[in-house]
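The values are calculated or read from the model by the stated rules, or taken from the named source; none is laboratory data. What you see is a predicted model; the values in this text were computed from it and never measured. With ideal geometry, Cβ positions are generated from the backbone for all residues, glycine too; neighbour counts draw on all protein chains shown. We work out accessible area using only protein heavy atoms, side chains counted, and drop any ligands, DNA or RNA first. Shrake-Rupley method; radii C 1.70, N 1.55, O 1.52, S 1.80 Å.
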Amino acid sequence: MSVAVRLPRRKKAEAAPDPADLLAWYDRHRRVLPWRARRGEQPDPYRVWLSEIMLQQTNVKTVAPYYAKFLARWPTVEALGGASLDGVLRAWAGLGYYARARSLHVCAKAVAENHRGKFPANLEALRALPGIGEYTAAAVAAIAFDAPAVPVDGNVERVVARLFAVEQALPAAKPAIKRLAASLLPPERSGDFAQALMDLGATICSPKRPACALCPWNESCAAFARGDQETFPRKAPKREGRKRFGAAFVALRADGCVLLRSRPEKGLLGAMTEVPGSDWAHDFDLAGALDAAPRFKTKLKWRKRPGVVRHVFTHFPLELTVFVAPAARATRAPQGARWVMLADLPGEALPSVMRKVLGHALED
Ligand code: SF4
């Protein structure tokens, strides 16, 4: 959103931020979101929790169809807890960060089995549920139960860091920012206040070119008064993980099937689907890559595809060399692998990196 009117800069903020100003702004400008209760409606803790888990590291636009799909398929936490992990992972495919889908499922089971399908209403009990971290517990407590809690995500961190011109860099500044955010909590309407902060961060106090002229707190924002609001929050320089390398093997059977397997339950992309491949290592030796190829009764002729597939995980970049081999119609899958029709791939829990590998292998 661009700045409609330029306000004069002041050296100092004129007053402490008043939560009532933010709530009044929220009453006029609140976003309409599929998971948000309408005015006067009681929020459903299951919907609040489901949307908060989905929204972690993902934006509203991407989440909306997944949220609708999950709700249609599993309208209650008991229904989700009773689903198979594989079914949940398949429905989640494409949303990324698959550990969240696994913990979503574990948490749904725990609520269904240990809490008779009702999310507990206080922060501590929510925090004790599997897969619910400090942020999600605060979001569910505040939004679903109006409990006195302030969920602090990246958007809220940015708003608070600017309001108080917090000089300490992230991530070290997180505890101080949380304390400052908590100091803003009004005596009533915790849920609306949490959502108002989220909305302000998402629509007005954007990372670049915040629309300060439209901000209900512009008279009390320390960074805006100084004119350097875009430089907050301060950030420590990023250290990117070391690049890893590996090989991926795409065997294509004459009847239009591709060889797939499931990754181990635990660890990166746990229980997701992949094509067979080598380990991913800093010192991967391409000359010996075929040692990691799947073994069939009759040896396949692997051809290396030109180029590589690049993918960046949160903690390291990856470069995969892709090998392709045709297989006769009668070829049996090696132990632990299975043949899947190419037409059935959309139903597989394939992470983005594997979609890229298959795309690269099947390119003309
Ligand atoms: S005045 Fe500007 S920088 Fe300060 S909180 Fe509002 S939008 Fe953010």
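Antiparallel versus total DSSP beta bridges in the chain: what percent is that, nearest 5? Can you show the working numbers first?
Details: 16 of 27 bridges.
Antiparallel bridges make up about 60 percent of those DSSP assigns within the chain.
Amide H to amide H, which residues 5 or more places from Phe245 or on other chains are under 5 Å from it, using H placed in the peptide plane?
For Phe245, whose amide H was placed from the backbone, the distant partners under 5 Å are Ala281, His282, Phe284, Glu319.
Can you check what the net charge comes to around Val152, using other residues whose Cβ is under 9 Å from the Cβ of Val152 (Lys, Arg +1; Asp, Glu -1)?
Numbers: positive: Lys174, Lys178; negative: Glu134, Asp153, Glu157.
Value of the local net charge: -1.
What percent of all Cα-Cα pairs in the chain falls into each 20 Å bin, going from 0 up to the bin containing the maximum distance?
Spelled out bin by bin, the chain gives 25, 46, 26, 3 percent.
Specify which residue in the list Gly133, Leu123, Ala108 is farthest towards the positive end of the charge dipole of the range 19-231, using unit charges on the beta carbon of Lys, Arg (+1) and Asp, Glu (-1), about the Cα centre.
Ala108
What percentage of the solvent-accessible surface of the chain, computed with a 1.4 Å probe over protein heavy atoms, is contributed by carbon and sulfur atoms?
Answer for the chain: carbon and sulfur cover 53 percent of the accessible area.
What share of the DSSP beta bridges in the range 244-362 is antiparallel, in percent to the nearest 5?
Details: 16 of 26 bridges.
Counting DSSP beta bridges with both partners in the range 244-362, the antiparallel share is about 60 percent.
What number comes out for accessible area per residue over the chain if the probe is 1.4 Å? Units Å², please.
52 Å²
With Cβ to Cβ distances under 15 Å as the rule, what net charge do the other residues near Arg90 carry (K, R +1; D, E -1)? Working shown, then result.
Numbers: positive: Lys69, Arg73, Arg100, Arg102, Arg263, Arg338, Arg355; negative: Asp86, Glu274, Asp344, Glu348.
Summing Lys/Arg as +1 and Asp/Glu as -1 gives +3.
In square nanometres, what is one fourth of the surface area of the convex hull spanned by the alpha carbons of the range 77-161? Don't skip to the end; give the middle numbers.
Numbers: hull surface 24.6 nm².
Averaged projected area of the range 77-161's Cα convex hull equals 6.2 nm².
If you filter the range 260-364 for GluC sites (Glu not before Pro), then keep DSSP loop positions with at most 13 other Cβ within 10 Å, what is left?
Values: sites: Glu265, Glu274, Glu319, Glu348, Glu363; in loops: Glu265, Glu348, Glu363.
Of the GluC sites (Glu not before Pro), the ones in loops of the range 260-364 whose Cβ has at most 13 other Cβ atoms within 10 Å are Glu265, Glu363.
Give me the accessible area of Asp146, 1.4 Å probe, in Å² rounded to the nearest 10.
80 Å²
With the cut-off at 30 Å, tell me which of the pairs Lys174/Lys243; Lys69/Lys243; Lys69/Lys174; Lys61/Lys118; Lys208/Lys266; Lys61/Lys356 have Cα atoms farther apart than that.
Table pairs above 30 Å Cα-Cα are Lys69/Lys243; Lys69/Lys174; Lys208/Lys266.
Counting Lys +1, Arg +1, Asp -1, Glu -1, what net charge surrounds Val106 among other residues with beta carbon under 12 Å of its beta carbon?
Summing Lys/Arg as +1 and Asp/Glu as -1 gives +1.
Give me the log10 of I(q) over I(0) for the range 206-260 at q = 0.25, 0.27, 0.31 Å⁻¹, as the Debye formula computes it from C-alpha points; what are the numbers?
After summing over all Cα pairs, the log10 values are -1.01, -1.09, -1.25.
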